[in-house]
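Some notes on the structure that comes next.
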Amino acid sequence: GQNIDQPTEMTATEGAIVQINCTYQTSGFNGLFWYQQHAGEAPTFLSYNVLDGLEEKGRFSSFLSRSKGYSYLLLKELQMKDSASYLCAVRGYSTLTFGKGTMLLVSP
Amino acid sequence: EAGVAQSPRYKIIEKRQSVAFWCNPISGHATLYWYQQILGQGPKLLIQFQNNGVVDDSQLPKDRFSAERLKGVDSTLKIQPAKLEDSAVYLCASSSRLAMDEQFFGPGTRLTVL
C-alpha cells in the first residue's frame, strides 16, 4: 500500500519562498507528482519526478530523494493566485495515490 | 484540444436514491480514472480503465458503485443506493498511456446526499 504525509496548512507572504514537504512509503514506485488545486476546481499538473534530484519549471521546482522517501515543492516569488491546495501523489505499479493536500495561504 | 468533460456539475439527491455521472475523456486518451474527493482530502481512486478494460477497482464499493466504459471512450459511474457518506466531488481524469503520463482532470461533479 501507499502512505503519504504532507502538512495540512501553510502560510506565506507575497513575494516570499515556500517549501512544501511530502514523505511517502510505498510498495512499488514509478514517480511522484505534484498537483495544484484551487478551491472548487479540478487538480492541475505541476511537476513529475521519477529520478533523484531537482526539476525546475519557472517559479516552481520539485525535488525527489527515493532513498529517503521524500519530496518537496518549492514555490518562489509567491503571488496571491498561488493560494491553493498542493497535492503530492505517488504512482505505484499502475495507480496514483494522493496525499491529503497542503492548503497554502498567501497573504499580502 | 478539448479537456475532460463531465456532467452534471452538481447533483443533490436523498439517501437511498440512485445517481449517475458521465465523463468524456480527452480524445485519444486510452486510460480513464474515476476519483472520489471528500472535502479536505486528496482524491481517492475508485476505478481505472485502460481502453474498455478495468485495470484497478480495488477501492470501488462494489455493493453500491458500478462503472463502465463502453467502446473505450465515454464512461459512466453509478451509485445505487446512495448513502450520506457518498457526498463528495467525483472527478474523472484521463491520460494517454497507462502509468507513465500526467493525468488531466475534468471539472468534477459535486454530489450532495441528504
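The values are calculated or read from the model by the stated rules, or taken from the named source; none is laboratory data. Bear in mind that the values here come from a model prediction, so they are computed numbers and not experimental data. Cβ atoms come from the backbone with ideal geometry, glycine included; neighbour counts cover every protein chain shown. Just so you know, the surface numbers come from the protein's heavy atoms only, side chains and all, with ligands and any DNA or RNA stripped out. Shrake-Rupley method; radii C 1.70, N 1.55, O 1.52, S 1.80 Å.
Quick test of your reading of the structure: B:Leu70 fulfils all but one of (1) surrounded by fewer than 20 Cβ atoms within 10 Å (Cβ to Cβ); (2) in contact (Cβ under 8 Å) with a residue 40 or more places away in the chain; (3) in contact with a Ser or Thr (Cβ under 9 Å, 6 or more places away or on another chain); (4) away from chain A (no Cβ under 14 Å). Name the failing condition by number.
Status for B:Leu70: all satisfied but (2).
Yes or no: A:Gly31 more than 11 Å from every other protein chain (Cβ to nearest Cβ) and either open to solvent by 60 Å² or more (accessible area, probe 1.4 Å) or out of contact with any helix residue (DSSP H, G or I) (no Cβ under 7 Å at 6 or more places or on another chain) (or both)?
Answer is no for this residue.
Which residues, taken from the stretch B:75-111, are away from chain A (no Cβ under 14 Å), more than 11 Å from the chain's Cα centre (by Cα) and open to solvent by 10 Å² or more (accessible area, probe 1.4 Å)?
B:Gln80, B:Pro81, B:Lys83, B:Leu84, B:Glu85, B:Ser87
Only one of (1) within 15 Å of A:Ile4 (Cβ to Cβ); (2) within 14 Å of another protein chain (Cβ to nearest Cβ); (3) open to solvent by 10 Å² or more (accessible area, probe 1.4 Å) fails for A:Pro43. Which number is that?
(3)
Name the residue that is most open to solvent (accessible area, probe 1.4 Å), counting only residues in the stretch B:39-56 that are modelled with pLDDT under 95 and more than 8 Å from chain A (Cβ to nearest Cβ).
B:Leu39
Using the structure shown, decide if A:Arg66 is touching a helix residue (DSSP H, G or I) at 6+ places or on another chain (Cβ under 9 Å), of a type in the set (Lys, Arg) and more than 13 Å from chain B (Cβ to nearest Cβ).
Here the answer is no, as A:Arg66 does not meet what is asked.
B:Val4 - would you say it is in contact with a Cys (Cβ under 7 Å, 6 or more places away or on another chain) and not acidic (Asp, Glu)?
yes
Report yes if A:Ser94 is farther than 18 Å from A:Glu9 by Cβ and modelled with pLDDT of 95 or more, otherwise no.
No, not satisfied.
When only residues in the stretch A:71-93 that are closer than 16 Å to A:Gln37 by Cα and open to solvent by 40 Å² or more (accessible area, probe 1.4 Å) count, which is nearest to the other protein chains (Cβ to nearest Cβ)?
Only one residue fits best here, namely A:Lys81.
Are any of the residues in the stretch A:94-102 more than 13 Å from chain B (Cβ to nearest Cβ), surrounded by fewer than 18 Cβ atoms within 10 Å (Cβ to Cβ) and assigned to a loop (DSSP other than H, G, I, E, B)?
Checked the stretch A:94-102: no residue is more than 13 Å from chain B (Cβ to nearest Cβ), surrounded by fewer than 18 Cβ atoms within 10 Å (Cβ to Cβ) and assigned to a loop (DSSP other than H, G, I, E, B).
Working carefully through the options A:Phe60, A:Phe98, find the one that is farther than 19 Å from A:Ile4 by Cα and of a type in the set (Phe, Trp, Tyr).
A:Phe60
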